[in-house]
Structures are given as structure tokens and as C-alpha cells.
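Following: one structure in C-alpha cells, then a few remarks.
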Amino acid sequence: MEIVKTENLSKYYTDGTIVKAVDGVNLTLKKGEFTALVGPSGSGKTTLLNLIGGIDKPSEGKVFIDGQEISLMPEKKLAKFRLHKLGFVFQSFNLIPVLTAYENVELILLFQGVPKNERRERVMRIFKELGIEELADRTPSKMSGGQQQRVAIARAIVHTPSLVLADEPTANLDSENAIAIVELMKKMSEEKGITFLIATHDSRVFERTRRIIKIIDGKIHED
Amino acid sequence: MYKVAWRNLWRNKRRTILTISAIAFSVLVLIFMLSIESGTYEYTKDYATKIWNGKARIFKKGYFQKETITKSFTVDKKLKKLLESTSFSWCKRIDGYGLVSFGDKTYGASISGIEPEREISAISKKIREGKYINSTGQVLVGWRLAKNLKVKVGDKIAILVQGRDGSLGAKLLEITGIFKTGVLDLDRGKVITTLEDADELFSMGGRVTTVVLYSKTRDFDKKLNSLEKKLPPELELVTWQKMMPELLEMIEFDRAGAYIMYLILIMIVAFGLLNTLYMSTFERRKELAVLRAIGLTKGEVRALILKESFFLALLGTITGILISLPVVIYFVKHPIKVGGKMAEFFESLLFAPLMPALLSWKIFAGVSVIIFIFAIIMAIFPGIRVTREELSQQLRFEK
């Protein structure tokens, strides 16, 4: 079952000359695939993630997530689509600093309108699965980078999305934590059947993925 | 989202407390000034109407448009009963014009006949020399007129008038008192005698030109309407607003000036709030972008900023009200007194030389609503600005 499908996906920027950040990408990701998107800095990894995540609009081409074309969706509908179908893991974790780990993860379910008791049950379950129960009452400032990224993963998967997009999730972590984080994402992908697309140039990450897509100058070079 | 908004406020405690203090101070200033202003206006209305004109008067129809002694009426039993059925204080008067002479000096003056014991104006309290009248043959004179005529208490002045029937009326009356009201027209041109003497002078035959009404009740206008409906058709009611349009205009003018100042004050607070919201919003651009990325719409992000502004306004307003309450109560009990030349200036404008505060929930509620409206308006701008940017630019995914 195809979770992600792009057709001739392109993103151009005009800065005097036309810069092709993503250039005619045709890509398919199946349910539960654990894929690394690799390439040097400026190769277009982040732009491609943004296009697939509906954060950026393509200049040309189409993006289908779970069979739905998102490239032409209006902003409001797209926001709700992301809320239900996508999860994000960022390089700098990006947890809400004023909320505890529990509240950060709960926020997604709160936005989805999940009742309080169910929210509590689902958040605690994911905390247990990720082994971070003891972090529940801590705010981000009282957590290490590795702990914050675990909470960020919990936030990305608590609502069991179709696709998780992770952008350099290990860039700010030491080796031990980086490996642990990749293993954690892999485990979640296998156990929950969630598709992961991880933009990275960290070998500790792509060595552990089943599929590696190499992108250079906005084009898929190897798959 | 209320939880997020509330906690966001306390990220920068000093900034939040300063903003709340600025709002609270503005609420205090606005409530205090509006309370003093409203209290002074209310007091001035009472003060000015109490000097001579009363809150309302009954005239024969047409008299108010053209004051003539021929347009007079009798306070018969029926009218008296009607007046006594109201809660108003009332008294009869005869008002006419004539000449006042002493020695070789003659001046035109407004001559009024009053019932000294029933008179409801404050004229008895405005006697600067001598005493109030209590029987026929006596007269009160405004201090400027007395100065012009070069008369003093005890002197006898001659009054010459044309009566209701066209005949000439003349009397020699003894000055028992000289009054000073601060109102130029009264001080320069008013002579007050008893109703009996005025009746003889103007050949009124028991008729009067006006009945003066006064009351301090708040529902005066409502009661007045009810009285107006019951009046005989040949009579009409004229309120102080029609009799003293200059006072009403003065209040409106004064109020307009004050409103400009209030608006400036509100704008200062509003821009302070805008500054706080802009700063707190822009230092969290990425965080707000993350909220959008994970599923909040632009509108929901704007609503979050709106909630923060709501909390700031709420805390500022509540603090402001709590500080204002004892201040206003103090000035209700201890009005500001205006003295010396300033008091004379105030009196000449019919303004009371006393500025009490008015404790009114309407002022507290009005100020709170205005501050809230401005807080919400100010929250719109950073909300729009921060959500207008491209989400991908805000997120800066790679760094």
C-alpha cells in the first residue's frame, strides 16, 4: 500500500536565476517503510520533506499521501490533514518550552479533539513504549537533548500517523543517543506500521534503514 | 490552548508584570478621571440648577419662547394637588422686567417675586450682605446691580414696571440683602422681592408666570414625563437643558476635550501592549511555526496570541479595578475643593467649585470593555504578521 507518491515533483526558487531545489522527483513509499533520504547539504532533502509534508507548495508536480493529493489542498484543510496523517521530528526537537513532556505529546490529541481519559491513556502508553515515563512531568529545559528527542518522537507518533517526516533527527545528539533514537524510530515503524522518511547525512542513521534514497541537486540519484 | 497562552505569559515575568502594571495604571487613571468628571457633571447640574433656574419649570405655553407677563397662569387647587402628588420640591414665581432707580441712577432689571419660605433655589445661601427677605416691602439685589446703583442694605429703591393689564406699577422697596451667585446675569440684573409685592407691581391678580421644580432623584426625567402628561393643555414643562443650553454645551465641550485625552491614554497603553505582543510573538516564531506544522491552522495560531492578550488585559484590568475602587470611594467621600479665583471662575461658568467622584459600575464596566476591545485589536496585528510568513521559512527545517 502506497503511503507517499510524488509525480514529477519540483520546487523552483527565483533569485535572479532559477534555482531548482527539487527537480522532477518521482517517489513512492510503502506502508511501514523505514527510509533514509540522504545527500549533501543543499541537495534538496529538506525541501523535499517540506513538499511531502505539505509545509511547502510545489512549483510543479503532485504529492499524494494515503491516496489524497495534498499539493492543491487549501491551508485549513491541509493543517487538519497534517494533524491527523503526519508526524514531524525536527533537528532541534522543537518542543513547546512552557509545556511538560506529557502536555507536549498530549497537545496533538487535544487538537484532534480526543477526550481527556483517552488522551491520558494513549500518552502514557506511548511513554511506556518509548521508556520515557519518568520524563512526563518535566519541561524541555529540564531534559537532555536525547530525552527531548524521545519526547518529540512520542509527539510524532502518539496519533499513529501514516507518515513521520524526520529532518536530521540525530544532528544534535551524541553517538549513543543518536543510535538509540534511530533504533526507537525503527522499532515504532515495525511495531505500528508507520512509514518513516528521515532526511539525514548521518551514517549511524542510514546504516540502520532498509531503504536509502540519495538526492543530489534536487534529483534522485540512487534509490 | 488557554494553558499554553497562560504559561507563555510567564516566560518573561518582568515584561508581563510591566505590561500588566501599565494596563492597571491606565485603568486607574481612566476610572479615576471618568469618576471625577461624571461626579462633577452630576454635581454641577444640581449646583447650577439649584442657583436659580430649577431642574424644570412649568410655563404657560409660549412664555418660554417669548417671555411676557401676559402669558401667566393660576396655580389652582387641581394643579396644586397634581404638584403635591409628585416627589418634587416646587415653588411659584412671578418673573418680569422693569426699571430700578436709586437717586439719579436707573437700570433695567429682571424682577422676580418669590415665596421666601417655599423658595427652592439657593438664593438664600448666596446673601453676601444683609439678610434674606421674609415679608413684603423687602427686596434682594444682585451685587453688581447694587454697585451700579450705588445702594447698600437699608436703602430704598424704586421699581417701575408695566403690569399685565398694561398699567404702570411702581413700588418703593427696602434692600434687606445683596446676593452674589457668580452668575453674571443674576448678579448684574436681578431684583428679588416677595410674590405679594410682585403680584401688586405687575397687577397679576393671583397669577404667576412660572412654577419651579427641583428634585435630586435619579429618575427625575421619567417622573417629569409622567407629570407632563397630566398637565393642563395650556401649560408646558421646560427642562433645565432647554433653559440652560450653555451649561449643557459646556459639559459636552469639556467632555469632548477629556475624551481626546482618554483616547491618547488608551492609545499609549494599546501600543505598549502591541509592543509586548510583538516581542513575545516574534521570539517564538519557530515555536508557532511548529504548532502550525503539527496541525494548527493560521486562525488557531492567531487565536492563541489573542488569548495571551486576553489574559494580559484581564490581569491588568482586574488589578486596575482593585486599585481604583478605594481611590474612587475616597474621592466620593472627600471631594476635591476648588478655591480662590479658580472657584470664582468655575462659578461664573455655572460649574460647581467642588469636584466629587461618582462611584458607578457603568464607568468600571465601560473602561474594562474599552481596554479589552483595544487588547483584542492589538493582538490581531502580530497574529496576522506571524502567520503571513511562509511556514517553511519560519521552520528553517535544516538549522
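The values are calculated or read from the model by the stated rules, or taken from the named source; none is laboratory data. Fair warning: this is a prediction, and the values are worked out from it, not measured in the lab. Cβ placement follows ideal geometry from the backbone for every residue including glycine, while neighbour counts extend to all protein chains displayed. Only protein heavy atoms, including side chains, enter the accessible area calculation; ligands, DNA and RNA are left aside. Shrake-Rupley method; radii C 1.70, N 1.55, O 1.52, S 1.80 Å.
Sort out for me the Cα centre separation of segment B:213-234 from segment B:75-100, rounded to whole Å.
14
List the residues of segment B:280-326 for which accessible area in the full set of protein chains is at least 50 Å² lower than for the chain on its own; 1.4 Å probe, protein heavy atoms only.
B:290, B:293, B:294, B:295, B:297
Calculate the length of the line joining the C-alpha centroid of segment A:1-77 to that of segment B:350-396, in whole Å.
43
Could you work out the local net charge near residue B:381, counting Lys and Arg as +1, Asp and Glu as -1, over the other residues with Cβ closer than 12 Å to its Cβ?
+3
What angle, in degrees between 0 and 90 and rounded to the nearest 10, separates the Cα long axis of helix A:101-112 from the longest principal axis of the Cα atoms of chain A?
Roughly 60 degrees between the two axes.
Can you pull out the buried accessible area for chains A and B, both sides counted, probe 1.4 Å, rounded to the nearest 100 Å²?
2500
Going through the DSSP H helices of chain B, which span 24 Å or more along their own axis at the Cα atoms while scoring at least 1.6 as a mean Kyte-Doolittle hydropathy?
Passing helices, by number: B:361-388.
Percent of accessible area on chain B owned by carbon and sulfur, 1.4 Å probe?
Heavy-atom surface of chain B belonging to carbon and sulfur, 1.4 Å probe: 60 percent.
Just how much of residue A:201 is accessible, in Å², when a 1.4 Å probe is used and the result is rounded to the nearest 10?
Its heavy atoms expose roughly 110 Å² to the probe.
Can you give the helix-only mean residue ellipticity at 222 nm for chain A, where every DSSP H stretch with n ≥ 4 adds -39500 (n - 2.57) and the sum goes over all residues, rounded to the nearest 500 deg cm²/dmol?
Result for chain A, helices only: -11000 deg cm²/dmol.
Find how many whole Å separate the alpha carbon centroid of segment B:249-303 from the alpha carbon centroid of segment B:107-157.
61
Taking amide H positions as placed 1.01 Å from N in the peptide plane, with prolines and chain starts having none, which residues 5 or more places from residue A:34, or on another chain, fall under 5 Å of its amide H?
Amide H to amide H, under 5 Å and 5 or more residues apart or across chains, residue A:34 pairs with A:196, A:210, A:211.
Report, in deg cm²/dmol and to the nearest 500, the calculated mean residue ellipticity at 222 nm for chain B, where each DSSP H run with n ≥ 4 adds -39500 (n - 2.57) and the sum is divided by the residue count.
Calculated mean residue ellipticity at 222 nm is -17500 deg cm²/dmol.
Keeping all protein chains in place and using 1.4 angstrom, which order do B:183, B:27 fall into by accessible surface area, from largest down?
Largest accessible area first, the list is B:183, B:27.
Whole number please: convex hull volume per residue, Cα atoms of segment B:56-214, in Å³.
108
On average, how many beta carbons from a partner chain sit within 10 Å of the beta carbon of a residue in A:88-98?
Counting other chains' Cβ atoms within 10 Å and averaging over A:88-98 gives 5.
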